[in-house]
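Step one of this worksheet: look at the structure below.
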Amino acid sequence: MSYTEKWWKHAVVYQVYPRSFQDSNGDGIGDLKGIIQRLDYLKELGVDALWLSPVCKSPQDDNGYDISDYQDIDPMFGSMEDMEQLIAEAKKRNIRIILDLVLNHSSDEHRWFQEAKKSKDNPYHDYYVWRDGEEGIYPNDMDSVFGGSAWEWVPELKQYYFHQFSVKQPDLNWENPKVRREIYSMILWWMEKGVGGFRLDVIDQIAKDPDLKITNNGPKLHEFIRELSHETFQKGDLITVGEAWGADTERAKLYSNPDGSEFSMVFQFEHIGLDQQEGKEKWDTAPLPLVKLKAVLAKWQKELYGCGWNSLFWNNHDLPRIVSRWGNDEKYRVESAKMLAALLHGMQGTPYIYQGEELGMTNVCFADIGEYQDIEIRNMYKERMEAGYKKEDIMESIYARGRDNARTPMQWSAAENAGFTTGNPWIGINPNYTDINAESELANPDSVFHYYQKLIQLRKEHSVFVDGEFELLMEEDEQIFAYTRTDADTKLLVCANFSDKEAECPILKEWDDAETLIRNYKNDCQSGRMRPYEAVIKVM
Ligand code: GLC
Ligand code: CA
């Protein structure tokens, strides 16, 4: 199959965060059987693949991103039979299952690590990254992403192990060929089971070199990835997407090389960090500079055209809800949720929808820090309290950026617990579920859900969405985000007002006679003017 015929170029992927999607047995935690129950809903939305956040065996220190057995399902989510059934039931509906591979680190409860810490000459010792030392004197001053030192002392060995994330997530040593081989055979085993692809967690961090303080983009990164791809993915017809916070467009062209030597595509995050104070942390928010957002996204569209492939996303389980972030989750919730969807789905690449995004779900504001479950939020709260930040300011940062915003349960209906569980949900449900839920969205032809459904259909009907060349219009405009997509015989206009005020949009006049494919207000826009958060896609 040639590159241009790759199925994933025409696909739309839906991300499921299993613990918050659907509980089937009343323990308050979503599970695989719950996902099976909702496959018809996903089919109706029209998605082609589901990316599941990790469901492998895990002590859940970081909600499953700390795996203790890559070839078993955590009992909390069900059994291997449930997984096989999910793959089979999804297949009946032409939906593929994408698994989340966490290969930069394992859990400290993984058998490999249990062995590794027994002695320096244990065969598994070199599966991890160790440095000799003295208690209390760290090998260097590197910090972990979740706060504190990246080094943890093991007294029995008089050694430190390296962990870029929590202490319970020791980094795997990719320099060791045995580690790489174990990983490949595990991936091939999953491929045998019929999975449709993989998302590769923090993959740009595998080639670390702690002595040089290198975390991502290490010198051997692409060598490792090419070997990984050659030994595994290239033996199937898979979608593979690497999570790469450190990717620029040059690297992304390697990652998504049309020769298939690495992945299908990567998640890059350049657009995601724009509303943050420069040089500060994600918690230190700043207003979104729209002109910059347009420039960044346009750059990715242009530079990967014909020589790479983009992933398109606003949301995932680590990010706040987009309608609360760059839209307006009050007066214009519905309009702005649709506007953001149109802008993203009009671009070239494979769109990813995060569960609940298709309902216009919003951020949550828990009053009490105790209601937050995320290890990152908890650690940050503690650190900033100790550093003397005001409690109100810390809570504001959590409301704006905390990962639990995206992790509250899926809102299925106005019934008790939003139809998510009959038991006690593992994390609080956003109280707005009585208004915002799948049942009411399905009943309303003008809902956010039906808008996403239509966008997905449009991508399938008009190949210009897949192939068309991107051109940004009105670059300097502070309210309008507009671009065209052009192929041999079709031209699309995607035009959106990114603000809560009316806006002049002269470009629209040239498109007055063109057919409207989709809009987010009842009547077509007036020539040359756009209402708050109005969006339209036209074709000629
Ligand atoms: C990725 C995951 C995130 C996790 C981290 C460590 O960024 O998306 O949820 O905490 O990797 O595995
Ligand atoms: Ca359950």
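The values are calculated or read from the model by the stated rules, or taken from the named source; none is laboratory data. From a predicted model like this one, the values you see are computed outputs, not experimental measurements. Don't worry about glycine lacking a Cβ; one is built from the backbone with ideal geometry, like all the others, and counts go over all protein chains shown. The accessibility values were calculated without ligands, DNA or RNA, using every heavy atom of the protein model including side chains. Shrake-Rupley method; radii C 1.70, N 1.55, O 1.52, S 1.80 Å.
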(request) Can you tell me what the convex hull of the Cα atoms of the chain projects to on average, as an area in nm²? (result) 24.1 nm²
(message) So for region 235-370, if I pair up every lysine 8 or more residues apart or on another chain, how many of those pairs have alpha-carbons under 23 Å apart?
(response) 14
(request) Kindly provide the Kirkwood hydrodynamic radius of region 277-417 in Å, to one decimal, from all pairs of distinct alpha carbon atoms. (result) 16.8 Å
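Of the heavy-atom accessible surface of the chain (probe 1.4 angstrom), what whole percent is carbon and sulfur?
46 percent
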(message) Compute for region 410-458: radius of gyration divided by Kirkwood radius, i.e. Rg/Rh, restricted to C-alpha atoms, rounded to two decimals.
(response) 1.07
(request) In nm, give the distance between the simple-model label positions of A488 and N25, each being 7 Å from the Cα along the Cα-to-Cβ direction. (result) 5.5 nm
(message) Kirkwood Rh over alpha-carbon pairs of region 430-504, then Stokes-Einstein at 10 °C and 1.306 mPa s: what D in µm² s⁻¹, rounded to an integer?
(response) 106 µm²/s
(message) As an exercise, use a Förster radius of 30 Å and the Cβ-Cβ distance of A387 and A295 to find the FRET efficiency, rounded to the nearest 0.05.
(response) 0.30
(message) Give me the extension gain from E182 to D446: residue separation times 0.36 nm, minus the current Cα-Cα distance, reported in nm with one decimal.
(response) 90.0 nm
(message) Need one number: nm distance between label points at K43 and E227, each 7 Å from Cα along Cα→Cβ, rounded to one decimal.
(response) 4.3 nm
(message) Can you list residues from other chains, or at least 5 along the same chain, whose modelled amide H is less than 5 Å from the amide H of L312?
(response) T350, Y352
(message) Let me check against my output: what whole-number percent is the relative contact order of the chain, with C-alpha pairs under 8 Å and at least 6 apart?
(response) 13 percent
(message) Can you give me the orientation-averaged projected area of the convex hull built on the Cα atoms of region 415-540, in nm²?
(response) 10.3 nm²
(message) Suppose accessible area is computed on protein heavy atoms with a 1.4 Å probe; arrange E175, E192, E243, E89 from highest to lowest.
(response) E192, E175, E89, E243
(request) Over region 79-186, average the accessible area per residue using a 1.4 Å probe and give it in Å², no decimals. (result) 45 Å²
(message) Defining a contact as two alpha carbons under 8 Å apart and six or more residues distant in sequence, what relative contact order in percent does region 205-269 show?
(response) 29 percent
(message) With equal scatterers on the alpha carbons only and no solvent term, can you work out the Debye log10 of I(q)/I(0) for region 106-218 at 0.12, 0.16, 0.18 1/Å?
(response) -0.44, -0.76, -0.95
(request) For region 386-477, state the semi-axes of the equivalent ellipsoid (square roots of 5 times the eigenvalues of the alpha-carbon gyration tensor), sorted largest first and rounded to whole angstrom. (result) 34, 26, 11
(request) Could you count how many Lys pairs in region 1-129 have their Cα atoms under 27 Å apart, skipping same-chain pairs fewer than 8 positions apart? (result) 17
(request) Place the peptides 99-106, 297-304 in order of packing, highest mean first, counting for every residue the other Cβ atoms within 10 Å and averaging per peptide. (result) 99-106, 297-304
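Could you list the GluC sites (Glu not before Pro) in region 122-156 that lie in coil according to DSSP, counting only those with at most 14 other Cβ atoms within 10 Å of their Cβ?
Values: sites: E134, E135, E152, E156; in loops: E135, E156.
Of the GluC sites (Glu not before Pro), the ones in loops of region 122-156 whose Cβ has at most 14 other Cβ atoms within 10 Å are E135, E156.
Eight or more residues apart or on different chains, and alpha-carbon atoms under 25 Å: count the Lys pairs in region 356-515 matching that.
Value for region 356-515: 7.
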(request) Considering Cα pairs under 8 angstrom that are at least six residues apart, work out the relative contact order of region 182-223 and quote it in whole percent. (result) 26 percent
(request) At 0.36 nm per residue, minus the direct Cα-Cα distance, what do E515 and E371 gain on full extension? Give it in nm, one decimal, please. (result) 46.9 nm
(request) Taking the chain as the reference, fit the longest principal axis to its C-alpha atoms, fit the long axis of helix 448-461 to the helix C-alpha atoms, and give the angle between the two in degrees, 0 to 90, nearest 10. (result) 90 degrees
(request) Could you list which residues have their amide H under 5 Å from that of T240, counting only those 5 or more apart in sequence or on another chain, with H placed in the peptide plane? (result) F198, S264, M265
(message) As I understand it, the value is the acute angle between the Cα axis of helix 80-92 and the longest principal axis of the Cα atoms of the chain; what does it come to in degrees, rounded to 10?
(response) 20 degrees
(request) For region 223-274, compute Rh as the Kirkwood radius over C-alpha pairs and then the Stokes-Einstein diffusion coefficient at 20 °C and 1.002 mPa s; write the answer in µm²/s, rounded to an integer. (result) 189 µm²/s
